[in-house]
1. Within 10 Å of each candidate Cβ there may be at most 15 other Cβ atoms; applying that plus a DSSP loop requirement, which GluC sites (Glu not before Pro) in the stretch B:1-104 survive?
2. Which pairs, out of A:LYS71/A:LYS105; A:LYS32/A:LYS71; A:LYS38/A:LYS105; B:LYS32/B:LYS71, put more than 19 Å between their alpha-carbon atoms?
3. DSSP beta bridges in chain B, what fraction antiparallel, as a percent rounded to 5?
4. Can you give the Rg and Dmax of the protein assembly as shown based on its C-alpha atoms, in angstrom?
5. Which aspartates and glutamates, if any, have their Cα less than 13 Å from the Cα of B:LYS39, not counting same-chain residues under 8 positions apart?
6. Just tell me how shielded B:122-129 is by partners: mean number of partner chain Cβ atoms within 10 Å of each residue's Cβ, no decimals.
7. List the distances, in nm and shortest first, from the label point of A:THR24 to the matching label points in every other copy, placing each point 7 Å from Cα along the Cα-to-Cβ direction.
8. Given that compact globular proteins tend to follow 2.2 N^0.38 Å, what is the ratio of the alpha-carbon Rg of chain A to that value?
Protein chains: 2
Amino acid sequence: MTSDIQERLDWAVQTCSDRGLRRTNAMRHLLKELITSKKPKTLADLSESEGLRDLCDRVTVFRLLGRLVEKKVIRRLGFHERAAYYVFSYPDECNDYLVCTDCGKIEPLNIACPVETLEEEVMKNSGFSGLYHELEFYGQCPACA
Amino acid sequence: MTSDIQERLDWAVQTCSDRGLRRTNAMRHLLKELITSKKPKTLADLSESEGLRDLCDRVTVFRLLGRLVEKKVIRRLGFHERAAYYVFSYPDECNDYLVCTDCGKIEPLNIACPVETLEEEVMKNSGFSGLYHELEFYGQCPACA
DNA sequence: GTACCTGCAAAACCTTTGCAGCATC
DNA sequence: GATGCTGCAAAGGTTTTGCAGGTAC
C-alpha cells in the first residue's frame, strides 16, 4: 500500500523535525529507502541504493543513520555480519528475524512476540528505562542444508 | 563451584576433540577463560587476559574462536559494539542479556526465557534446522539516567 | 609422517573524525 | 545570519589472510 508508506514517511520526517533535525533531501530519501525495504539494510546497501547513490556521499548516509538512531526513528541491529544493519522502527512495532548461519540470509518473522510482557518485568527488576528488545533466531536455511 | 567449571571444561575439550580439533594449550586456556567469565568477552578481552596474554598471539585466539564457534562449543553474539562478543555455550542453556545503550554495560539476565517454545514452531514453519536464538534487551541503565 | 595449528606481518574492511563550504531554519 | 549538514580526504580499529615453521595425532 503506497498510502501506508507515505504515512510512515510523513510521520518519520515530522518526528525527526520535531526532535531537532533539518529536513534534508538525503533524510527523506534515506527514510524512504528504509521504509520501503522489507529487510534490514547495511550502510553499504543504503548508500549504493538507487535513491541515494547519486544524491549524497556515503559518509553523509553514515552520519544521518547515527542521527536517526539517536532520535529513535530507526534502529540499529547487531547481526553477525561485520557491517551494522539498520531498520525502520515504527512505534510499538516489534521486529524479529530469522538468520541463516551459513549464507547470512535474513527473513523477517511475523510471529506473536512473547517477549513484550517480559519487558515490563525486566524494567522493574533492573531499573533500566526506555527498554526495547531484539530477538533473532539463527539456524541453517533449507537451501544451505 | 570449581567442580562445575572443571566439568564444563572437560566437556568442551572433549567435544572439540570429537569434532576434529586438536587439544592445544591455547584451546584449553581460551575455553577456561570463557567458562569462568560471567559475561561475554571480545577478542581483545580474551587475548589480553591473564591466561592467554603470554601464551599465544591474538591471531591465534581469533582463529581459535572461529573454530570453536563452528564446532558449536561457544557462541558469537551480535551486540552493538564494534567488536564481536563471544560466550561459552553449554547445551540447552539459554543466555539473554540486558545492555545499556549509553555505557554499553552488559548484564546477564536470569529469567525464564519464553522463547524456547517458539523455537520449535519457527523451525517447523521455516524449514530452518539447528535453531537457536539470541535475545537482548536494550535501554538506559540507572547509572546513565 | 601428515595434517593441523601458530606467529609474524601485512592487507582488507567498515567505521569514525577534521575541516572548509553549503543548505536549512 | 546562525546553526547544522555535506563532501572529500584521511585516520582508527577490528577482522582476515599468507606463508614458513612448529605441534598434536
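Each reported figure results from applying straightforward, stated rules to the coordinates on display, with no laboratory input. Here the structure is a predicted model, which means the values were calculated and not measured. Cβ coordinates were reconstructed from backbone atoms using ideal geometry, including for glycine residues, and neighbour counts include every protein chain displayed.
1. The qualifying sites are B:GLU48, B:GLU81, B:GLU93.
2. Beyond 19 Å: A:LYS71/A:LYS105.
3. 65 percent
4. 20.7, 62
5. Output for B:LYS39: B:ASP96, B:GLU107.
6. That works out to 6 on average.
7. Here A:THR24 shows inter-copy label distances of 4.7 nm.
8. Values: Rg = 16.3 Å, N = 145, 2.2 N^0.38 = 14.6 Å.
Ratio of Rg to 2.2 N^0.38 Å for chain A: 1.12.
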